[in-house]
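Notes follow once the structure below has been shown.
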Amino acid sequence: MFAIAGISGTIGRALLLVGFVGAVFGVFAAVTGARNNDPRVIRLVPRFAMLAFASAVGAFAAMEFAMITRDFSLAYVQKVGSWSTPALYNFAAVWSALEGSLLMWVLILAGYTVAVSFWIRKRMQEILAAWAMAVMLAVLAFFFLVSFLPANPFALGAKGVLDGPGPNPLLQNHILVLFHPPILYLGFVGVTVPFAFAIAALITGRVGEGWLLATRRWSLFAWGFLTFGIALGSWWSYEVLGWGGVWGWDPVENASLLPWITGTAYLHSVLVQERRGMLRVWNISLLVATFSLTILGTFLTRSGVLNSVHAFSESSIGIWFLSFFAVVLVGSVFLIGWRGDRLRSPGIIDSPFSREAAFLANNVLFALFAFIVLLGTVFPLIVEVLQDRQIAIGSPFFDRLTVPIGISLLTLMAIAPLLPWRKASLETLGARLFWPAWCGIAALVASLILGAYGLAPLLTFTLGGVSSGAALRQVVLATRRQGWRGLVGRANGGMIVHLGVILIAVALGASNSYSKSQELTLVTGVPVTFANHSFELVDVVEVRDDRSVSVKALVIVDGDKIYEPAITKYTRVGINVGTPAVKTSLASDIYLTLEPPVRQDSDTARIKVFIKPMIIWLWIGTGLMALGTLLAAFPGRRRRRLTDPTSAPADRTRALDLISEKSS
Amino acid sequence: MLLLVGLLLVFGSTRSGGPLTQQDRIDSIAKNLACPTCSGESVYVSRAAAAESIRTEVARQVGSGIRSDDEIITFIEQRFGGQVLLVPRATGLDALVWALPAAALVISASFLVSVFARWNRNKPKAPTTQDEKLVNRALAQEATKQDD
């Protein structure tokens, strides 16, 4: 046994080093090849990318091997490994702490790098492609280095350790830990691709729209995974954490939301650039912001700095990410300034009543949204640095400021899809608003009949009605014109995504405003009624296995089925974890948690009951968003060169030359 | 139609959703308090022991019915220190967290207004004869194409 022990550590460390060297050589090959225009050198780039990818796969496999064989010679396995962890959760334990999740980041980024190099293989000689590969490989080299030096998952641990505590109990009682982190990382890391092309466009000065169209699907892909990953996170929070909510505005959640906000803004404003050649600086800035926010988010959540500024020095990882963040930011700003003259576009937006103006307003709102979330997340740090006192900022702050922004965004969603490009007359807008407006009124009347109250939720429902009318109008018109093709493509798929967003907004409005909760003390055999539902305790039982002791309350809800809210004590770490039980229906969820203190074999139990309306529509909305994203990415257009202009801004003198040429 | 919507909204937002129960009060207070041992979670969210004990204290205070919600929050704040507040106060440095978003709103709104005003000034004037020629030529080409 001990012959194997340690070997995965040696292999893993070696592979991380090989990967780093491969990535660095790849950067050199791409840069020198692009500068000297030497195809032979550029041809090496995909090979180095492949080498880095193979090393990453090998290192990840070595880590899994160490975890599966419980190789306790490694510090990381000592931290999150345990003989008593079930196989699946043990597999996921690899990414349950800092070092392992960075290793997963390396693996996914290396995967993206190879995928891009394959995708672009025929056009690798184009200078823009070579530079994009250089940027991707440089980012990859950074992550290899971090994984090799300050956060090495293969570092040796103390001698003589034979067993460990296993991963955090919260990370070993729901199957979602297998999916949520990898999917979220696919989104986080995927942002690197459009970022690399944006930087390459700046470096080469080919800042037309070619790079942007080329990376459209990559951006959509990353954004889709980010969306899906965030939604899975909220689902996990709802199913596991036991407070009955899906979003708590804690720093880790905010760190994943921030790049999503700027990424969403980018997906919208990029349309203006494709169509009108405008907002070039802004789009590149949004990509830079999205990428650097993934780095900043990693810094904030992984360095421990948010617990206290003073935790910053405890791990050296913080300074690495902060420096990288600074380099990315300063470098990008410098490049944008340097290429400023080429980025300026001559176009103008003719009227505030136009699609492009609506996109601009959308971007301003998203920028404000991102600013508020970022400010609320880092403000406690600022206060601690300046005044050496600790404050906390939580959901009441974020709710108060982001609800108005959400409602404004819904308003835009109601109007923008109806606006034509360039300019709309009020009559056009009025005519197009006809059906959507009726949808809105219907939604308002229906929600009033169902007993809704309060300005914010009612506005949400009404605007949700109008904007789903606007989205449906687009899809219906398109399918009438083009048959099934009216469902695919960016505009139509985008509207399906909008429908999903609207469902989520309405469900959040309803569940946040109309939840009811009550603590009930149940005695066996005596049904208790709360909010027209009955709850009857059958028994309180204890279940033991080799890693935990659970106490379960068996509760019959509405005389129907038995639900089992539980509290599980993980004996090895001594942490109590509550597990809620949820009865789901289309109208509302009944969510039960067992409250401490608990005693087995007692005939009473304290239960907290939440009645939460419309929760399931959050997940249905997420599904719709995912479907819409797929539809938006679907149709294949003819491939174009990276540097082709698509919407060359009207060059007046040249147009006039053409006319005179023709007429002569 | 707008009037109708407005009236319905006013009606809907002024009608009440029934009296607040004690549990509603406990929850709304707990949502405004930070769990002292966990980063950024509220007492309402957190399942940690410290949060549990604050919840119990809040429930006791609400149950006795002497103090108002704000007084209970102030009481907890005095007992556990300033970091239990989840909503920063609007005084001193903390006020910035409210002021900055407001400033950002004003700045971005005025940016939008000014940029549209500039675009409006620089709008191309009426089409030149050459523009019209170009359009006519294109239309003529289109017409011949359709004839083919």
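Please count how many residues of the range A:452-468 are away from chain B (no Cβ under 14 Å) and surrounded by fewer than 24 Cβ atoms within 10 Å (Cβ to Cβ).
Summing the residues that are away from chain B (no Cβ under 14 Å) and surrounded by fewer than 24 Cβ atoms within 10 Å (Cβ to Cβ) in the range A:452-468 gives 1.
Could you check the range A:454-500 and list, in sequence order, the residues that are farther than 14 Å from residue A:436 by Cα and among the aromatic types (Phe, Trp, Tyr)?
A:484
So in the range A:377-390, with the set limited to residues that are more than 7 Å from chain B (Cβ to nearest Cβ) and assigned to a helix (DSSP H, G or I), which one is most open to solvent (accessible area, probe 1.4 Å)?
Here is the first cut: in the range A:377-390, the residues more than 7 Å from chain B (Cβ to nearest Cβ) are A:377-378, A:380-382, A:384-385, A:388.
Narrowing the set further to residues that are assigned to a helix (DSSP H, G or I) leaves A:377-378, A:380-382, A:384-385.
Working: A:377: 10, A:378: 30, A:380: 27, A:381: 27, A:382: 68, A:384: 20, A:385: 101 Å².
Only one residue tops the list, namely A:385.
Could you list all residues from the range A:233-253 that are among the small types (Gly, Ala, Ser) and on the phi < 0 side of the Ramachandran plot?
Residues of the range A:233-253 that are among the small types (Gly, Ala, Ser), as a first pass: A:233-234, A:237, A:242, A:244-245, A:248.
If the condition is that a residue be among the small types (Gly, Ala, Ser) and on the phi < 0 side of the Ramachandran plot, then A:233, A:234, A:237, A:245, A:248 are the ones that fit.
I'm told residue A:83 meets every condition in (1) assigned to a helix (DSSP H, G or I); (2) open to solvent by 30 Å² or more (accessible area, probe 1.4 Å) except one. Can you identify the failing condition by its number?
The number of the failed condition is (1).
For residues that are polar (S, T, N, Q) and open to solvent by 50 Å² or more (accessible area, probe 1.4 Å), tally how many sit in the range B:101-116. Full working, then the answer.
Narrowing the range B:101-116 to residues polar (S, T, N, Q): B:108, B:110, B:114.
Among the residues that remain, those that are also open to solvent by 50 Å² or more (accessible area, probe 1.4 Å) are: B:110, B:114.
Residues flagged as polar (S, T, N, Q) and open to solvent by 50 Å² or more (accessible area, probe 1.4 Å) within the range B:101-116 amount to 2.
Name every residue in the range A:407-422 that is in contact (Cβ under 8 Å) with a residue 60 or more places away in the chain and either surrounded by fewer than 18 Cβ atoms within 10 Å (Cβ to Cβ) or among the hydrophobic types (A, V, I, L, M, F, W, C) (or both), in order of residue number. I'd like the intermediate steps shown before the answer.
First, the residues of the range A:407-422 that are in contact (Cβ under 8 Å) with a residue 60 or more places away in the chain: A:410, A:413, A:416-417, A:419-422.
Result: A:410, A:413, A:416, A:419, A:420, A:421, A:422.
Looking only at residues that are among the aromatic types (Phe, Trp, Tyr) and open to solvent by 20 Å² or more (accessible area, probe 1.4 Å) in the range A:224-242, which one is farthest from the other protein chains (Cβ to nearest Cβ)? Give the derivation first.
First, the residues of the range A:224-242 that are among the aromatic types (Phe, Trp, Tyr): A:225, A:228, A:235-236, A:238.
Next, from what is left, pick out any that are open to solvent by 20 Å² or more (accessible area, probe 1.4 Å): A:225, A:228, A:235-236.
Numbers: A:225: 25, A:228: 23, A:235: 16, A:236: 14 Å.
Ranking the qualifying residues of the range A:224-242, first place goes to A:225.
Looking only at residues that are of a type outside the set (Ser, Thr, Tyr) and closer than 19 Å to residue A:604 by Cα in the range A:562-580, which one is farthest from the chain's Cα centre (by Cα)?
In this case the residue turns out to be A:562.
Quick one: which residue in A:367, A:326 is within 14 Å of chain B (Cβ to nearest Cβ) and either hydrophobic (A, V, I, L, M, F, W, C) or free of Cβ contacts under 8 Å to residues at least 40 places away in the same chain (or both)?
Working: A:326 fails: within 14 Å of chain B (Cβ to nearest Cβ).
The unique qualifying residue is A:367.
Quick one: count up the residues across the range A:23-72 that are open to solvent by less than 20 Å² (accessible area, probe 1.4 Å) and out of contact with any Leu (no Cβ under 8 Å at 6 or more places or on another chain).
5
Somewhere in the range B:19-26, is a residue among the aliphatic types (A, V, I, L, M), in a helix (DSSP H, G or I) and away from chain A (no Cβ under 11 Å)? Please lay out each step first, then the result.
Going through the range B:19-26, the residues among the aliphatic types (A, V, I, L, M) turn out to be B:20, B:26.
Right, trim to in a helix (DSSP H, G or I) and you get B:26.
Now narrow it down to the ones that are away from chain A (no Cβ under 11 Å): none.
No, that holds for no residue.
Among A:598, A:609, which is open to solvent by 20 Å² or more (accessible area, probe 1.4 Å) and closer than 19 Å to residue B:47 by Cα?
On the way: A:609 fails: open to solvent by 20 Å² or more (accessible area, probe 1.4 Å).
Within the list A:598, A:609, the selection yields A:598.
Only one of A:29, A:66 is without any contact (Cβ under 8 Å) to a residue 24 or more places away in the chain, more than 13 Å from residue A:147 (Cβ to Cβ) and assigned to a helix (DSSP H, G or I); which? Full working, then the answer.
Values: A:66 fails: without any contact (Cβ under 8 Å) to a residue 24 or more places away in the chain.
Result of the check over A:29, A:66: A:29.
Where residues in the range B:81-100 are open to solvent by less than 20 Å² (accessible area, probe 1.4 Å), free of Cβ contacts under 8 Å to residues at least 40 places away in the same chain and assigned to a helix (DSSP H, G or I), which of them is nearest to residue A:377 (Cα to Cα)?
Here the residue is B:97.
Considering A:97, A:115, A:75, A:93, which residue is within 28 Å of residue A:321 (Cβ to Cβ) and buried (at least 24 other Cβ atoms within 10 Å of the Cβ)?
Numbers: A:97 fails: buried (at least 24 other Cβ atoms within 10 Å of the Cβ); A:115 fails: buried (at least 24 other Cβ atoms within 10 Å of the Cβ); A:75 fails: buried (at least 24 other Cβ atoms within 10 Å of the Cβ).
Every option except A:93 fails the conditions.
Please enumerate the residues belonging to the range A:429-451 that are more than 13 Å from chain B (Cβ to nearest Cβ) and loosely packed, with under 14 Cβ neighbours inside 10 Å.
Correct list: A:431 only.
Please work out which residue is most open to solvent (accessible area, probe 1.4 Å), limiting yourself to the range B:29-54 and to residues that are more than 9 Å from chain A (Cβ to nearest Cβ) and assigned to a helix (DSSP H, G or I).
This residue is B:53.
In the range A:158-195, what residues are over 19 Å from the mean Cα position of the chain (by Cα) and open to solvent by less than 20 Å² (accessible area, probe 1.4 Å)?
A:164, A:166, A:167, A:169, A:172
Which residues, counting only those in the range A:411-428, are more than 34 Å from the chain's Cα centre (by Cα) and away from every other protein chain (no Cβ under 11 Å)? Steps first, answer last, please.
To start, the set of residues in the range A:411-428 that are more than 34 Å from the chain's Cα centre (by Cα) comprises A:423-428.
Selection gives A:424, A:425, A:426, A:427, A:428.
Specify which of the listed residues (A:296, A:257, A:300, A:287) is in a helix (DSSP H, G or I), over 30 Å from residue A:616 (Cα atoms) and within 14 Å of another protein chain (Cβ to nearest Cβ). Walk me through how you get there before you give the answer.
Values: A:296 fails: within 14 Å of another protein chain (Cβ to nearest Cβ); A:257 fails: over 30 Å from residue A:616 (Cα atoms); A:287 fails: within 14 Å of another protein chain (Cβ to nearest Cβ).
Just one listed residue meets the conditions, A:300.
The values are calculated or read from the model by the stated rules, or taken from the named source; none is laboratory data. Only a predicted model underlies this, so the values are computations on that prediction, with no experimental measurement involved. Reconstructed Cβ throughout: ideal geometry from the backbone, glycine too, with neighbour counts over all protein chains shown. With ligands, DNA and RNA removed, areas are computed over all heavy atoms of the protein, side chains included. Shrake-Rupley method; radii C 1.70, N 1.55, O 1.52, S 1.80 Å.
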